[in-house]
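J.: Structure provided below as structure tokens; questions to follow.
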Amino acid sequence: GFLFGGVMLENDLEIIFKKNLIFLSNLKYTIFDNFDELYIPPVDTYPNQVRSDIKQYLNNFQNRLVIGRAEINFFKSLNQSHFFRFSAGIFEDMFGGIGVDYLFNPQGSIFSAGFESYKVKKRSYKMGFNFQDYENTLSRASIQVIEPYTDIYLRLSYGEYLATDVGYTFEIGRRFDNGVEFTGFFTRTDVSKNDFGEGSFDKGIRFKIPISLFSFGRKPGLSSFEWRPLTKDPGSLLIKSIDIYLLKNQF
């Protein structure tokens, strides 16, 4: 097939119990899709299958209410330099668990450093509240610098990925005053070029654009998009609802 897609109704819910205690959820229902035509199974590649079986998740979208996210987030800051985010629940379509993000960024500094540790488990293909047997605990460290005149940021992170491979991801991006963000990234891990296959390493681009179609005079929402040439297991990271680096930069 050349093109597979769908039209969905989505509900993004945010409940603010306190200014630092927030519940986020995402529900979606497919009006139309042709994902049932995705029938060729993925090839199992080293080291573990965490993303290449995405077709089996898409096969279960039709005529069902799907839980895309249901997580609780607790935020804490110390001395305007140390920032924490504690999370638990269903993080995305394919994984759920518990985790913590830490960011050290003194006020006014262009340099920052962070650490994250997550214990995650792979969700069932039905995307309800059940999970498969695969689980992993991954920890990563990162550093970032922001060029103050152009707001271009460089970020380098190192550690373990969802599939248990280890390596680094380099990102370069820019956030504009109107909220638009553009980022390019690439990842190299201890998976060899032969095992990784076509492309030899992971890379892609992502951007966020303010969309005012349904804002009704309020501040426009952000439409996010990420593109990578191939869906591979090595170099796969958890899809987070909140990036603590970008959240700190924004405020």
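The values are calculated or read from the model by the stated rules, or taken from the named source; none is laboratory data. Predicted model, so just to flag it, every value in this text is computed and none were measured. In this analysis, Cβ positions are derived from the backbone assuming ideal geometry, glycine residues included, and neighbour counts consider all displayed protein chains. The accessibility values were calculated without ligands, DNA or RNA, using every heavy atom of the protein model including side chains. Shrake-Rupley method; radii C 1.70, N 1.55, O 1.52, S 1.80 Å.
J.: Taking segment 163-214 as the region of interest, how many residues are touching a residue at least 12 places away in the same chain (Cβ under 8 Å), part of a loop (DSSP other than H, G, I, E, B) and touching a Gly at 6+ places or on another chain (Cβ under 9 Å)?
T.: Matching residues across segment 163-214 total 5.
J.: Being closer than 30 Å to V66 by Cβ, assigned to a strand (DSSP E or B) and open to solvent by less than 90 Å² (accessible area, probe 1.4 Å) is the filter here, so list the residues in segment 108-126 that pass it. Outline the logic, then answer.
T.: First pass over segment 108-126, keeping only residues closer than 30 Å to V66 by Cβ: 116-126.
If we keep only those that are assigned to a strand (DSSP E or B) as well, we get 116-123.
Those that are closer than 30 Å to V66 by Cβ, assigned to a strand (DSSP E or B) and open to solvent by less than 90 Å² (accessible area, probe 1.4 Å): E116, S117, Y118, V120, K121, K122, R123.
J.: Got at least one residue in segment 79-101 being buried (at least 17 other Cβ atoms within 10 Å of the Cβ), more than 18 Å from the chain's Cα centre (by Cα) and within 18 Å of I239 (Cβ to Cβ)?
T.: No - not one qualifying residue is present in segment 79-101.
J.: Moving to a separate point now. Assuming V191 fulfils every condition listed in (1) open to solvent by 70 Å² or more (accessible area, probe 1.4 Å); (2) more than 19 Å from the chain's Cα centre (by Cα) apart from one, which condition is it?
T.: Every listed condition holds for V191 apart from (1).
J.: Would a scan of segment 50-68 turn up a residue that is within 18 Å of the chain's Cα centre (by Cα), modelled with pLDDT under 95 and acidic (D, E)?
T.: Yes, segment 50-68 contains at least one residue that is within 18 Å of the chain's Cα centre (by Cα), modelled with pLDDT under 95 and acidic (D, E).
J.: I'd like to check something: does segment 20-30 contain any residue that is assigned to a loop (DSSP other than H, G, I, E, B) and open to solvent by less than 50 Å² (accessible area, probe 1.4 Å)?
T.: yes
J.: When both residues are 6+ apart or on different chains and their Cβ atoms are under 8 Å apart, which pairs have a first residue that lies in segment 26-40 and is under 18 Å from G68 (Cβ atoms), and a second that is in a helix (DSSP H, G or I)?
T.: Listed pairs, sorted by first residue: D33/L58; F35/K55; F35/L58.
J.: Okay, moving on. For residues that are free of Cβ contacts under 8 Å to residues at least 40 places away in the same chain and either open to solvent by less than 60 Å² (accessible area, probe 1.4 Å) or of a type in the set (V, I, T) (or both), tally how many sit in segment 1-19.
T.: Result for segment 1-19: 4.
J.: Also, I was wondering about something else. Pairs please, first residue from segment 87-109 and within 30 Å of P148 (Cα to Cα), second anywhere and of a type in the set (A, V, I, L, M, F, W, C) and assigned to a strand (DSSP E or B), Cβ atoms under 6 Å, 6+ apart in sequence or on different chains.
T.: V100/F86; Y102/F84; Y102/F115; L103/F83; F104/A113
J.: Name the one entry in F207, F176, F129 that is surrounded by 14 or more Cβ atoms within 10 Å (Cβ to Cβ) and among the hydrophobic types (A, V, I, L, M, F, W, C).
T.: On the way: F176 fails: surrounded by 14 or more Cβ atoms within 10 Å (Cβ to Cβ); F129 fails: surrounded by 14 or more Cβ atoms within 10 Å (Cβ to Cβ).
After ruling out the rest, the residue left standing is F207.
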